[in-house]
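S.K.: I have a structure I would like to understand better, so I am pasting it below and will then ask my questions one at a time.
The values are calculated or read from the model by the stated rules, or taken from the named source; none is laboratory data. What you see is a predicted model, and the numbers here were worked out from it, not measured in a lab. Don't worry about glycine lacking a Cβ; one is built from the backbone with ideal geometry, like all the others, and counts go over all protein chains shown. These area figures cover heavy atoms from the full protein model, side chains too; ligands, DNA and RNA do not enter into them. Shrake-Rupley method; radii C 1.70, N 1.55, O 1.52, S 1.80 Å.
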Amino acid sequence: MKPTILLGTALIPDTKTELKLFTHDGEFSIRIPGRGELMNTKVHGSEKALAELASERMGASDKPRILVGGLGMGFTLAAALAAAGPNTEVVVAELVPEVVEWNRELMGEASGHPLADPRTRVYVGDVADVIRQEERAFDAILLDVDNGPEALIRRENNWLYTIGGLESTRRALRPQGVLAVWSAGPDQLFRARLKHAGFKVEEKIVRPHRAGKGSRHYIWLGS
């Protein structure tokens, strides 16, 4: 039996929670002790769907800009780049510096090394800071932060999913822009907050496995 090897650890800023990167038999996983596996390079269908669904709904632009909140294992970023044209800029905001390093140095091959794409810009920090600072700056904002609208790991992430946070996100979007939010589960109150913040809302159920298997994940699309 092939061993499971610990490759790195990282502390999530503003918390006492530690991320651990493992590899086993050619695949990688990121886990939190006591909470299990957060993500795996073999299971990423819903992360790709987040970018693909948003890209289908983006308005036309000569120089599109996309903001991805949460790098993870790079699959949302890779899917956004795959759907984008040559003049697109994709800004990815990742709170944990080590996660950026892991993508660059250890597990980037699984997602096709999207950080090496010249259209990618990396912001190491809180995606909420980017949203607060930018106005009418993005054609799409993709959020895969914490566990979705019910943030479980870092309380500061809750702001993104409040009415105030959603209103700031709406201001950061260009006309005909789209917001896409990933969640591990349903949340009717969040759907209501999206509408209150001025979004026309769609809800999509997607699966981690592209074959339609695995638990249900949810993606909200706000236009």
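S.K.: Kindly indicate whether Asp25 is modelled with pLDDT of 90 or more and more than 18 Å from Ser183 (Cα to Cα).
M.R.: yes
S.K.: Across region 105-127, which residue is nearest to Glu47 (Cα to Cα) among those that are in a helix (DSSP H, G or I) and open to solvent by 50 Å² or more (accessible area, probe 1.4 Å)?
M.R.: Top of the filtered list is Ala110.
S.K.: Shifting gears a bit: In region 37-58, which residues are of a type in the set (Ser, Thr, Tyr) and either assigned to a strand (DSSP E or B) or over 13 Å from Lys204 (Cβ atoms) (or both)?
M.R.: Thr41, Ser55
S.K.: Just give me the residues in region 175-192 being in contact with a Pro (Cβ under 9 Å, 6 or more places away or on another chain) and at pLDDT 95 or above, in sequence order.
M.R.: Selection gives Val181 alone.
S.K.: Within region 27-42, how many residues turn out to be in contact with a strand residue (DSSP E or B) (Cβ under 9 Å, 6 or more places away or on another chain) and either small (Gly, Ala, Ser) or open to solvent by less than 30 Å² (accessible area, probe 1.4 Å) (or both)? Write out each step before concluding.
M.R.: Residues of region 27-42 that are in contact with a strand residue (DSSP E or B) (Cβ under 9 Å, 6 or more places away or on another chain), as a first pass: 27-33, 37-42.
Applying the additional criterion that residues be either small (Gly, Ala, Ser) or open to solvent by less than 30 Å² (accessible area, probe 1.4 Å) (or both) yields 29-30, 32, 40-41.
Looking only at that region, the number is 5.
S.K.: Assess whether Val124 counts as being touching a Phe, Trp or Tyr at 6+ places or on another chain (Cβ under 8 Å), among the β-branched types (Val, Ile, Thr) and in contact (Cβ under 8 Å) with a residue 12 or more places away in the chain.
M.R.: no
S.K.: Also, I was wondering about something else. On the basis of being in contact (Cβ under 8 Å) with a residue 12 or more places away in the chain, out of contact with any Ser or Thr (no Cβ under 8 Å at 6 or more places or on another chain) and polar (S, T, N, Q), does Ser111 make the cut?
M.R.: Against the criterion (in contact (Cβ under 8 Å) with a residue 12 or more places away in the chain, out of contact with any Ser or Thr (no Cβ under 8 Å at 6 or more places or on another chain) and polar (S, T, N, Q)), Ser111 does not qualify.
S.K.: Specify which of the listed residues (Asp14, Asp62) is open to solvent by 40 Å² or more (accessible area, probe 1.4 Å), within 22 Å of Gly165 (Cβ to Cβ) and at pLDDT below 95. Talk me through it step by step, then tell me what you get.
M.R.: Numbers: Asp62 fails: within 22 Å of Gly165 (Cβ to Cβ).
Among Asp14, Asp62, only Asp14 is open to solvent by 40 Å² or more (accessible area, probe 1.4 Å), within 22 Å of Gly165 (Cβ to Cβ) and at pLDDT below 95.
S.K.: Checking Val92 against (1) in contact with a strand residue (DSSP E or B) (Cβ under 7 Å, 6 or more places away or on another chain); (2) open to solvent by 10 Å² or more (accessible area, probe 1.4 Å), which single condition isn't satisfied?
M.R.: Every listed condition holds for Val92 apart from (2).
S.K.: Given the condition over 23 Å from Gly72 (Cα atoms), touching a strand residue (DSSP E or B) at 6+ places or on another chain (Cβ under 7 Å) and surrounded by fewer than 18 Cβ atoms within 10 Å (Cβ to Cβ), answer yes or no: does some residue in region 169-186 qualify?
M.R.: Yes, the conditions are met somewhere in region 169-186.
Quick grid of which residues meet (1) more than 23 Å from Ser168 (Cβ to Cβ); (2) among the aliphatic types (A, V, I, L, M); (3) not in a helix (DSSP H, G or I):
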site	(1), (2), (3)
Lys20	yes, no, yes
Ala60	yes, yes, yes
Val68	no, yes, yes
Val99	yes, yes, no
Asn103	yes, no, no
Asp129	no, no, no
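S.K.: A follow-up question, please. How do the pairs read when you match residues in region 70-91 that are farther than 12 Å from Leu115 by Cβ and in contact (Cβ under 8 Å) with a residue 60 or more places away in the chain with residues anywhere that are assigned to a helix (DSSP H, G or I) and among the basic types (Lys, Arg), using Cβ under 8 Å and keeping only pairs 6 or more apart or on different chains?
M.R.: Thr76/Lys48
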